[in-house]
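The values are calculated or read from the model by the stated rules, or taken from the named source; none is laboratory data. As the structure is a computational prediction, the values presented were derived from the model and not from experiment. FYI the Cβ positions are ideal-geometry reconstructions off the backbone, even for glycines, and counts take in every protein chain you see. For accessibility, only protein heavy atoms count, side chains too; no ligands or nucleic acids. Shrake-Rupley method; radii C 1.70, N 1.55, O 1.52, S 1.80 Å.
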Amino acid sequence: MQWKKVAGVAGILLAGALGGAVAATVLARGEAQSDLPDSPGQHVSDKRHRPNGDGALDRLRREQQELRRRLEAVEVQSDSGAEAGVHEHPSAAPSAFDMEHETQVLRSRHEEWRRRHANEHRDAAWAREKEAAFSAALGATAEPGGYKILQVDCRTTLRTTELEWPSYTLASNGYKLALHLDVPGCESAIMLEPPVDGSRPYRATARYDCETARTGDER
Amino acid sequence: MSGGTYDLACGVNDSNLFDIGGVQGKQNISTLNIHGEDRHSSASVTATPCISYFHITGGECGSTASSGGGFLGQYTLQPSRVKWGPTFSGHFGYIHIKLPAQTGNGASTFSGYFVGAP
(Lines give C-alpha, C1' and ligand atoms only; values in the text may rest on other atoms or scores of the structure.)
Protein backbone atom coordinates (compact mmCIF):
# COMPACT_ATOMS: atom_id res chain seq x y z
CA MET A 1 0.00 0.00 0.00
CA GLN A 2 1.41 3.41 -0.89
CA TRP A 3 0.93 5.29 2.37
CA LYS A 4 1.92 8.69 1.08
CA LYS A 5 -0.51 8.48 -1.79
CA VAL A 6 -3.34 7.42 0.58
CA ALA A 7 -2.41 10.16 3.02
CA GLY A 8 -2.28 12.64 0.16
CA VAL A 9 -5.69 11.63 -1.12
CA ALA A 10 -7.14 11.71 2.40
CA GLY A 11 -5.62 15.16 2.85
CA ILE A 12 -7.15 16.37 -0.39
CA LEU A 13 -10.56 14.96 0.57
CA LEU A 14 -10.41 16.48 4.04
CA ALA A 15 -9.15 19.76 2.64
CA GLY A 16 -12.03 19.68 0.19
CA ALA A 17 -14.47 18.93 2.98
CA LEU A 18 -12.95 21.71 5.06
CA GLY A 19 -13.26 24.08 2.14
CA GLY A 20 -16.86 23.01 1.69
CA ALA A 21 -17.56 23.59 5.35
CA VAL A 22 -15.97 27.03 5.19
CA ALA A 23 -17.95 27.84 2.07
CA ALA A 24 -21.12 26.60 3.74
CA THR A 25 -20.33 28.78 6.73
CA VAL A 26 -19.79 31.81 4.54
CA LEU A 27 -22.97 31.08 2.63
CA ALA A 28 -24.89 30.59 5.84
CA ARG A 29 -23.52 33.90 7.06
CA GLY A 30 -24.33 35.52 3.76
CA GLU A 31 -27.88 34.29 3.88
CA ALA A 32 -28.20 35.43 7.46
CA GLN A 33 -26.66 38.81 6.72
CA SER A 34 -28.73 39.36 3.60
CA ASP A 35 -31.80 39.46 5.80
CA LEU A 36 -30.12 41.63 8.37
CA PRO A 37 -30.43 45.38 8.61
CA ASP A 38 -27.23 47.46 8.53
CA SER A 39 -27.10 48.63 12.13
CA PRO A 40 -25.74 46.41 14.91
CA GLY A 41 -28.71 47.07 17.08
CA GLN A 42 -31.09 45.90 14.47
CA HIS A 43 -28.86 42.88 13.95
CA VAL A 44 -29.26 41.88 17.57
CA SER A 45 -32.97 42.25 17.43
CA ASP A 46 -33.08 40.27 14.19
CA LYS A 47 -31.27 37.34 15.82
CA ARG A 48 -34.12 36.96 18.20
CA HIS A 49 -36.35 36.19 15.24
CA ARG A 50 -33.93 33.57 13.94
CA PRO A 51 -33.66 31.08 16.79
CA ASN A 52 -31.99 28.37 14.66
CA GLY A 53 -29.50 30.65 12.91
CA ASP A 54 -26.78 30.64 15.59
CA GLY A 55 -27.29 26.95 16.20
CA ALA A 56 -26.53 26.17 12.51
CA LEU A 57 -23.45 28.43 12.55
CA ASP A 58 -22.19 26.83 15.73
CA ARG A 59 -22.67 23.39 14.24
CA LEU A 60 -20.76 24.42 11.10
CA ARG A 61 -17.99 25.96 13.21
CA ARG A 62 -17.69 22.73 15.20
CA GLU A 63 -17.56 20.68 11.98
CA GLN A 64 -14.97 23.07 10.58
CA GLN A 65 -12.80 22.71 13.68
CA GLU A 66 -13.15 18.93 13.62
CA LEU A 67 -12.18 18.76 9.94
CA ARG A 68 -9.21 21.07 10.54
CA ARG A 69 -8.07 18.89 13.43
CA ARG A 70 -8.34 15.73 11.29
CA LEU A 71 -6.52 17.37 8.36
CA GLU A 72 -3.66 18.40 10.64
CA ALA A 73 -3.45 14.84 12.01
CA VAL A 74 -3.25 13.41 8.48
CA GLU A 75 -0.53 15.92 7.52
CA VAL A 76 1.51 15.03 10.63
CA GLN A 77 1.21 11.31 9.87
CA SER A 78 2.21 11.87 6.25
CA ASP A 79 5.28 13.92 7.19
CA SER A 80 6.44 11.48 9.87
CA GLY A 81 6.05 8.55 7.45
CA ALA A 82 8.21 10.31 4.84
CA GLU A 83 10.87 11.22 7.41
CA ALA A 84 11.05 7.70 8.76
CA GLY A 85 11.27 6.36 5.21
CA VAL A 86 9.12 3.40 6.17
CA HIS A 87 6.33 4.13 3.72
CA GLU A 88 8.44 5.18 0.75
CA HIS A 89 7.27 4.37 -2.73
CA PRO A 90 8.57 0.94 -3.75
CA SER A 91 10.48 2.42 -6.68
CA ALA A 92 12.32 4.97 -4.53
CA ALA A 93 16.12 4.75 -4.38
CA PRO A 94 16.95 1.20 -3.34
CA SER A 95 18.55 0.52 0.01
CA ALA A 96 21.93 -1.13 0.49
CA PHE A 97 20.07 -4.36 1.20
CA ASP A 98 18.25 -4.15 -2.14
CA MET A 99 21.56 -3.52 -3.90
CA GLU A 100 23.16 -6.57 -2.30
CA HIS A 101 20.13 -8.70 -3.11
CA GLU A 102 20.13 -7.53 -6.73
CA THR A 103 23.86 -8.15 -7.01
CA GLN A 104 23.30 -11.68 -5.72
CA VAL A 105 20.56 -12.20 -8.32
CA LEU A 106 22.96 -11.13 -11.07
CA ARG A 107 25.78 -13.29 -9.68
CA SER A 108 23.44 -16.28 -9.76
CA ARG A 109 22.42 -15.42 -13.30
CA HIS A 110 26.02 -15.23 -14.50
CA GLU A 111 26.94 -18.38 -12.57
CA GLU A 112 24.05 -20.23 -14.22
CA TRP A 113 25.28 -18.99 -17.59
CA ARG A 114 28.81 -20.24 -16.75
CA ARG A 115 27.41 -23.66 -15.75
CA ARG A 116 25.35 -23.99 -18.92
CA HIS A 117 28.37 -23.11 -21.01
CA ALA A 118 30.58 -25.62 -19.18
CA ASN A 119 27.99 -28.38 -19.64
CA GLU A 120 27.19 -27.65 -23.25
CA HIS A 121 28.45 -30.05 -25.90
CA ARG A 122 31.09 -28.60 -28.21
CA ASP A 123 30.13 -28.72 -31.87
CA ALA A 124 33.73 -28.85 -33.04
CA ALA A 125 33.33 -27.79 -36.67
CA TRP A 126 30.92 -24.98 -35.89
CA ALA A 127 32.86 -23.87 -32.83
CA ARG A 128 36.18 -23.63 -34.67
CA GLU A 129 34.64 -21.58 -37.45
CA LYS A 130 32.81 -19.29 -35.04
CA GLU A 131 35.77 -18.89 -32.71
CA ALA A 132 37.79 -17.54 -35.62
CA ALA A 133 35.05 -15.11 -36.62
CA PHE A 134 34.45 -14.17 -33.03
CA SER A 135 38.11 -13.55 -32.32
CA ALA A 136 38.29 -11.33 -35.39
CA ALA A 137 35.26 -9.28 -34.27
CA LEU A 138 36.66 -8.99 -30.75
CA GLY A 139 40.10 -8.14 -32.12
CA ALA A 140 38.64 -5.21 -34.04
CA THR A 141 37.31 -3.69 -30.81
CA ALA A 142 40.20 -4.69 -28.53
CA GLU A 143 42.18 -1.50 -29.00
CA PRO A 144 39.35 1.01 -28.46
CA GLY A 145 38.01 -1.20 -25.65
CA GLY A 146 41.46 -1.35 -24.05
CA TYR A 147 41.40 -5.14 -23.53
CA LYS A 148 43.44 -8.22 -24.33
CA ILE A 149 41.64 -11.37 -25.45
CA LEU A 150 42.84 -14.23 -23.26
CA GLN A 151 40.49 -16.94 -24.47
CA VAL A 152 37.50 -17.56 -26.75
CA ASP A 153 35.47 -20.71 -26.04
CA CYS A 154 32.54 -21.56 -28.33
CA ARG A 155 30.36 -24.61 -27.62
CA THR A 156 27.09 -25.20 -29.48
CA THR A 157 25.14 -22.06 -28.78
CA LEU A 158 27.10 -20.43 -25.96
CA ARG A 159 30.40 -18.61 -26.15
CA THR A 160 32.57 -17.01 -23.53
CA THR A 161 35.57 -14.76 -23.83
CA GLU A 162 38.07 -14.00 -21.12
CA LEU A 163 39.18 -10.40 -21.35
CA GLU A 164 41.83 -8.49 -19.44
CA TRP A 165 42.27 -4.77 -18.91
CA PRO A 166 45.20 -2.97 -17.28
CA SER A 167 42.90 -1.83 -14.46
CA TYR A 168 39.29 -1.92 -13.27
CA THR A 169 38.83 1.71 -14.28
CA LEU A 170 39.84 0.93 -17.85
CA ALA A 171 37.58 -2.11 -17.79
CA SER A 172 34.67 0.11 -16.72
CA ASN A 173 35.45 2.47 -19.58
CA GLY A 174 35.87 -0.16 -22.28
CA TYR A 175 33.63 -3.14 -21.50
CA LYS A 176 30.77 -1.90 -23.70
CA LEU A 177 32.77 -2.59 -26.83
CA ALA A 178 32.72 -6.27 -25.90
CA LEU A 179 29.06 -6.04 -24.89
CA HIS A 180 28.11 -4.39 -28.20
CA LEU A 181 30.05 -6.85 -30.31
CA ASP A 182 28.63 -6.97 -33.81
CA VAL A 183 27.67 -10.63 -34.02
CA PRO A 184 24.17 -11.18 -35.44
CA GLY A 185 21.91 -13.53 -33.52
CA CYS A 186 23.85 -13.39 -30.26
CA GLU A 187 22.79 -11.96 -26.91
CA SER A 188 25.58 -10.67 -24.70
CA ALA A 189 26.24 -10.00 -21.02
CA ILE A 190 29.09 -8.87 -18.87
CA MET A 191 29.33 -7.98 -15.19
CA LEU A 192 32.29 -6.24 -13.60
CA GLU A 193 32.48 -6.95 -9.87
CA PRO A 194 34.44 -4.26 -8.03
CA PRO A 195 37.94 -5.59 -7.27
CA VAL A 196 39.82 -5.44 -3.98
CA ASP A 197 42.70 -3.61 -5.66
CA GLY A 198 41.52 -1.46 -8.54
CA SER A 199 45.00 -0.70 -9.82
CA ARG A 200 45.85 -4.30 -10.73
CA PRO A 201 45.04 -5.91 -14.10
CA TYR A 202 41.36 -6.81 -14.18
CA ARG A 203 39.79 -9.86 -15.83
CA ALA A 204 36.18 -10.43 -16.73
CA THR A 205 34.16 -12.91 -18.75
CA ALA A 206 31.94 -11.70 -21.55
CA ARG A 207 29.13 -14.15 -22.28
CA TYR A 208 27.33 -14.63 -25.57
CA ASP A 209 24.22 -16.71 -26.19
CA CYS A 210 23.96 -17.42 -29.90
CA GLU A 211 20.90 -19.66 -29.89
CA THR A 212 19.23 -17.39 -32.45
CA ALA A 213 22.29 -17.51 -34.68
CA ARG A 214 22.25 -21.33 -34.59
CA THR A 215 18.57 -21.63 -35.41
CA GLY A 216 18.96 -19.16 -38.26
CA ASP A 217 16.32 -16.82 -36.86
CA GLU A 218 18.45 -13.77 -37.41
CA ARG A 219 16.95 -10.47 -38.42
CA MET B 1 33.07 6.49 -33.32
CA SER B 2 35.26 3.65 -34.55
CA GLY B 3 36.68 3.16 -38.06
CA GLY B 4 34.32 5.79 -39.44
CA THR B 5 31.27 4.11 -37.92
CA TYR B 6 29.08 5.86 -35.36
CA ASP B 7 27.84 4.24 -32.18
CA LEU B 8 24.78 5.79 -30.54
CA ALA B 9 23.09 4.90 -27.28
CA CYS B 10 19.52 6.16 -26.86
CA GLY B 11 17.94 5.90 -23.43
CA VAL B 12 14.44 4.48 -23.16
CA ASN B 13 11.81 6.26 -21.07
CA ASP B 14 11.08 4.00 -18.16
CA SER B 15 8.85 5.02 -15.29
CA ASN B 16 6.03 3.76 -13.11
CA LEU B 17 4.98 7.31 -12.31
CA PHE B 18 3.81 8.46 -15.72
CA ASP B 19 2.04 6.83 -18.56
CA ILE B 20 4.35 7.57 -21.48
CA GLY B 21 2.43 7.12 -24.70
CA GLY B 22 0.36 4.34 -23.14
CA VAL B 23 3.47 2.59 -21.80
CA GLN B 24 4.38 2.31 -18.14
CA GLY B 25 7.80 0.71 -17.93
CA LYS B 26 9.86 -0.75 -20.75
CA GLN B 27 8.64 -4.27 -19.97
CA ASN B 28 5.20 -3.28 -21.31
CA ILE B 29 6.47 -2.19 -24.71
CA SER B 30 4.98 -4.35 -27.44
CA THR B 31 6.17 -2.42 -30.47
CA LEU B 32 9.60 -0.97 -31.13
CA ASN B 33 10.23 0.61 -34.52
CA ILE B 34 13.59 2.23 -35.22
CA HIS B 35 13.77 4.51 -38.23
CA GLY B 36 16.41 6.17 -40.34
CA GLU B 37 18.17 5.94 -43.69
CA ASP B 38 20.89 3.51 -44.69
CA ARG B 39 23.16 5.14 -47.29
CA HIS B 40 25.89 2.51 -47.29
CA SER B 41 25.72 0.02 -50.15
CA SER B 42 27.46 -2.84 -48.34
CA ALA B 43 27.66 -2.19 -44.59
CA SER B 44 24.45 -2.02 -42.58
CA VAL B 45 22.77 -0.08 -39.80
CA THR B 46 22.26 -2.19 -36.69
CA ALA B 47 20.12 -1.68 -33.60
CA THR B 48 20.26 -3.62 -30.33
CA PRO B 49 18.08 -3.18 -27.23
CA CYS B 50 20.31 -3.36 -24.16
CA ILE B 51 20.30 -2.70 -20.43
CA SER B 52 22.85 -1.24 -18.06
CA TYR B 53 22.71 -2.82 -14.61
CA PHE B 54 21.43 -0.18 -12.23
CA HIS B 55 23.71 -0.98 -9.29
CA ILE B 56 26.89 -2.51 -10.66
CA THR B 57 29.05 -2.00 -13.75
CA GLY B 58 27.90 -4.19 -16.61
CA GLY B 59 24.91 -4.94 -18.73
CA GLU B 60 23.24 -7.18 -21.28
CA CYS B 61 22.14 -6.88 -24.89
CA GLY B 62 19.59 -8.79 -26.95
CA SER B 63 19.95 -9.86 -30.55
CA THR B 64 20.85 -7.22 -33.08
CA ALA B 65 18.55 -6.21 -35.93
CA SER B 66 20.19 -5.11 -39.16
CA SER B 67 19.10 -3.13 -42.21
CA GLY B 68 20.97 -5.65 -44.36
CA GLY B 69 24.30 -5.42 -46.14
CA GLY B 70 22.98 -4.63 -49.60
CA PHE B 71 20.14 -2.39 -48.46
CA LEU B 72 19.94 1.29 -49.37
CA GLY B 73 17.14 3.62 -48.30
CA GLN B 74 14.73 4.20 -45.42
CA TYR B 75 14.87 1.41 -42.85
CA THR B 76 12.57 0.27 -40.04
CA LEU B 77 14.22 -2.09 -37.58
CA GLN B 78 12.28 -4.14 -35.03
CA PRO B 79 14.81 -5.91 -32.79
CA SER B 80 13.89 -8.39 -30.10
CA ARG B 81 13.19 -6.76 -26.72
CA VAL B 82 14.09 -9.79 -24.65
CA LYS B 83 16.36 -7.76 -22.36
CA TRP B 84 13.54 -5.33 -21.58
CA GLY B 85 11.34 -8.06 -20.08
CA PRO B 86 10.10 -8.20 -16.47
CA THR B 87 13.32 -9.90 -15.31
CA PHE B 88 15.21 -6.74 -16.13
CA SER B 89 12.60 -4.13 -15.22
CA GLY B 90 14.87 -2.56 -12.57
CA HIS B 91 17.75 -1.95 -14.96
CA PHE B 92 18.20 0.93 -17.36
CA GLY B 93 17.21 0.29 -20.94
CA TYR B 94 18.77 1.80 -24.02
CA ILE B 95 19.09 1.13 -27.73
CA HIS B 96 22.57 0.72 -29.15
CA ILE B 97 22.66 1.85 -32.77
CA LYS B 98 25.60 1.47 -35.09
CA LEU B 99 25.76 3.57 -38.26
CA PRO B 100 28.21 2.62 -41.01
CA ALA B 101 30.90 4.95 -42.27
CA GLN B 102 29.94 7.77 -44.58
CA THR B 103 30.19 7.01 -48.29
CA GLY B 104 29.66 8.91 -51.53
CA ASN B 105 25.93 8.56 -50.88
CA GLY B 106 26.31 10.53 -47.65
CA ALA B 107 26.07 9.54 -44.00
CA SER B 108 23.54 7.00 -42.82
CA THR B 109 21.07 8.37 -40.30
CA PHE B 110 19.03 7.44 -37.27
CA SER B 111 15.80 9.46 -37.16
CA GLY B 112 14.27 8.13 -33.96
CA TYR B 113 12.26 5.31 -32.51
CA PHE B 114 8.64 4.59 -31.70
CA VAL B 115 7.46 2.53 -28.77
CA GLY B 116 3.91 1.31 -28.36
CA ALA B 117 1.89 -0.72 -25.88
CA PRO B 118 -0.74 -3.38 -26.67
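Taking amide H as placed 1.01 Å from N in the peptide plane, residue A:167 has its amide H under 5 Å from the amide H of A:202, each at least 5 places away in sequence or on another chain. Note on exposure: A:153, A:197 ranked by accessible area (1.4 Å probe, complete protein assembly) read A:197, A:153, with the most exposed listed first.
A Förster radius of 51 Å combined with the Cβ-Cβ distance from residue B:55 to residue A:124 puts the calculated FRET efficiency at roughly 0.80.
Residue A:129 contributes about 120 Å² of solvent-accessible surface, heavy atoms of the protein only, 1.4 Å probe. Peptide A:181-187 shows a mean partner chain C-beta count of 5 within 10 Å per residue C-beta. Determine the alpha carbon to alpha carbon distance for each of A:130/B:83; A:148/B:83; A:148/A:176; B:26/B:83 and list only those over 20 Å. Violating the 20 Å Cα-Cα cut-off are A:130/B:83; A:148/B:83.
The alpha-carbon atoms of the range B:6-107, seen along their principal axes, cover 46, 31, 18 angstrom, with the largest extent given first.
Loop-located chymotrypsin sites (Phe, Trp or Tyr not before Pro) across the range B:57-89 with a Cβ neighbour count of 10 or fewer within 10 Å are lacking, with loop assigned by DSSP. Remark: relative contact order (the range B:6-107) = 39 percent; criterion is Cα-Cα distance under 8 angstrom and separation of 6 or more residues. Each residue of the range B:78-93 was assigned a 3J(HN,Hα) from its phi angle through the Karplus expression (A = 6.51, B = -1.76, C = 1.60, θ = phi - 60°), giving 10, x, 4, 9, 4, 7, 9, x, x, 4, 10, 4, x, 9, 8, x Hz with x at Gly and Pro. The string of couplings for the range A:147-160 from the Karplus curve (6.51, -1.76, 1.60, θ = phi - 60°) is 10, 9, 8, 8, 7, 10, 10, 9, 10, 9, 10, 9, 9, 10 Hz, one whole number per residue in order, with x for Gly and Pro. Measuring with a 1.4 angstrom probe and ignoring ligands and nucleic acids, residue A:101 comes out at about 100 Å² accessible. A Förster distance of 22 Å, applied to the separation of the beta-carbon atoms of residue A:107 and residue B:92, puts the FRET efficiency at 0.70. With K and R counted +1 and D and E -1, the other residues having a Cβ less than 15 Å from that of residue B:58 yield a net charge of +2.
Using a cutoff of 8 angstrom between alpha carbon atoms and counting only pairs six or more residues apart, the relative contact order for the range A:94-155 works out to 38 percent. Taking a point 7 Å from the Cα of residue B:72 along the Cα-to-Cβ direction, the residues of the range B:29-48 with backbone N closer than 14 Å to it are B:38-44. Note on residue B:107 and residue B:15: the model spin-label points, each 7 Å out from Cα along the C-beta direction, lie 3.0 nm apart.
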